[in-house]
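Report on the structure given below.
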Amino acid sequence: MPTVRARHATVHALLKSGHSRRSIGRQLHMTHRTVRSFADAAKPQDLFRGQWQHNRASVLDEVKPWLDELCDEGCTNAWKLREEIVPLGYRGS
């Protein structure tokens, strides 16, 4: 199964080439709500933030920009990401 980032890129590429959301849903076997979510998200990271997180502090708040940068560079290994943020002050598990 393709990653969220790959599916996001595919949806945006198809939209840019003129495909309708309905057509994209049929091609990618996605519901109209899923296509809408991917289409409305400017970047893949926007899909990872749940509604409950908008007004709530997180132990990752201080390192989120760094994590976003690492993910953009293609690092998706959770252990490697943790190794990168611990020296920055992250104390979670």
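So, in the stretch 14-34, of the ones that are part of a helix (DSSP H, G or I) and open to solvent by 60 Å² or more (accessible area, probe 1.4 Å), which residue ends up farthest from CYS75 (Cα to Cα)? Show your work before the answer.
Residues of the stretch 14-34 that are part of a helix (DSSP H, G or I), as a first pass: 14-16, 21-28, 32-34.
Applying the additional criterion that residues be open to solvent by 60 Å² or more (accessible area, probe 1.4 Å) yields 16, 21-22, 26-27, 32-33.
Details: LYS16: 26, ARG21: 30, ARG22: 32, ARG26: 30, GLN27: 28, HIS32: 30, ARG33: 28 Å.
Only one residue tops the list, namely ARG22.
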* Asked: Quick check: is even one residue across the stretch 3-11 exposed (fewer than 13 other Cβ atoms within 10 Å of the Cβ), without any contact (Cβ under 8 Å) to a residue 40 or more places away in the chain and charged (D, E, K, R)?
  -> no
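Please tell me if ASP40 is within 14 Å of the chain's Cα centre (by Cα), exposed (fewer than 14 other Cβ atoms within 10 Å of the Cβ), modelled with pLDDT of 90 or more and not hydroxyl-bearing (Ser, Thr, Tyr). Give the derivation first.
Working: within 14 Å of the chain's Cα centre (by Cα): yes; exposed (fewer than 14 other Cβ atoms within 10 Å of the Cβ): yes; modelled with pLDDT of 90 or more: yes; not hydroxyl-bearing (Ser, Thr, Tyr): yes.
Yes; evaluated as a whole, the condition is true for this residue.
Quick one: is PRO65 part of a helix (DSSP H, G or I) and surrounded by fewer than 12 Cβ atoms within 10 Å (Cβ to Cβ)?
Details: part of a helix (DSSP H, G or I): yes; surrounded by fewer than 12 Cβ atoms within 10 Å (Cβ to Cβ): yes.
The answer is yes for PRO65.
The values are calculated or read from the model by the stated rules, or taken from the named source; none is laboratory data. Keep in mind that this is a model prediction, so the values were computed, not measured. Cβ coordinates were reconstructed from backbone atoms using ideal geometry, including for glycine residues, and neighbour counts include every protein chain displayed. Only protein heavy atoms, including side chains, enter the accessible area calculation; ligands, DNA and RNA are left aside. Shrake-Rupley method; radii C 1.70, N 1.55, O 1.52, S 1.80 Å.
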